[in-house]
1. For GLY130, what residues show an amide H to amide H distance below 5 Å, using hydrogens built from the backbone and excluding near sequence neighbours?
2. Averaged over all directions, how much area does the convex hull of the C-alpha atoms of the range 4-129 cover when projected, in nm²?
3. Please compute the net charge surrounding VAL33, taking Lys and Arg as +1 and Asp and Glu as -1 over other residues with Cβ under 14 Å from its Cβ.
4. Going by average Cβ density within 10 Å per residue, which order do the peptides 74-84, 8-18, 41-51 take, highest to lowest?
5. Over 17 Å, how big is the tail of the calculated P(r) for the range 1-61, in percent of all Cα pairs?
6. Which peptide among 33-39, 21-27 comes first, and what is the full order, when sorted by highest mean count of other Cβ atoms within 10 Å?
7. What is the sum of charges, Lys and Arg at +1 and Asp and Glu at -1, for the other residues whose Cβ falls under 13 Å from the Cβ of PHE93?
8. Using helices alone, what [θ] at 222 nm do you get for the chain, with -39,500 (n - 2.57) per DSSP H run of 4 or more residues, divided over all residues and rounded to the nearest 500?
Amino acid sequence: MKTTSQALRWPLRIAAVLAVGFGLLTIKSGGAVLAGGDAARAAGQVVPFVLWFNFLAGFAYVAAGIGLWFRRRWAAWLAVWVAAATLAVFAAFGIHVAAGGEYAARTVGAMTLRSAVWIAIAALACRALGCRARHTRI
């Protein structure tokens with residue numbers, strides 16, 4: 001009988017590839033907008049802190065994906081951090097919008113997708129690799 005960790009080997013590999021691909025696309029698109037030019041004009045009204053977070057998080061996506069491929073426990077924790085940070089930035093974006101700040105409507109969809117993807121990856125990674133802290137007795 002397979003253990004949970006063995007049963008999740010292929011789903012974890014798929015999540016790793018998804019994380020790396022998602023990260024590379026995020027770095028490319030965010031970098032293009034940050035560089036200005038046609039990409040920046042096509043992006044519409046950007047919220048700078050969301051743009052910068054997503055661009056920088058793209059590097060964490062790639063790192064997490066590589067770690068997940070090699071079944072490293074730290075990668076599960078990184079996925080949890082990415083999910084939590086994405087939700088925090090999404091909440092800050094919501095406050096920005098509620099306060100009357102300008103934004104592109106597609107940012108709502110993009111942040112919803114990012115949140116859902118990283119919550120799913122983090123849940124899978126924690127199930128496969130474990131996210132429980134090891135307690136030692138004194």
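What follows is calculated from the coordinates using simple rules that are stated; it is not laboratory data. It should be emphasised that the depicted structure is a prediction, and the values quoted were computed from it without experimental measurement. Glycine gets a Cβ as well: all are built from the backbone with ideal geometry, and neighbour counts include every protein chain shown.
1. Hits under the 5 Å cutoff: none.
2. Mean shadow area of the hull around the Cα atoms is 7.1 nm².
3. Residues close to VAL33 contribute a combined charge of +2.
4. By packing density, highest mean first, the sequence is 74-84, 8-18, 41-51.
5. Values: 934 of 1830 pairs.
Result: 51 percent of Cα pairs exceed 17 Å.
6. Going by the mean number of other Cβ atoms within 10 Å, highest first, we get 21-27, 33-39.
7. Counting the neighbours of PHE93, the net charge comes to +1.
8. For the chain, the value works out to -27000 deg cm²/dmol.
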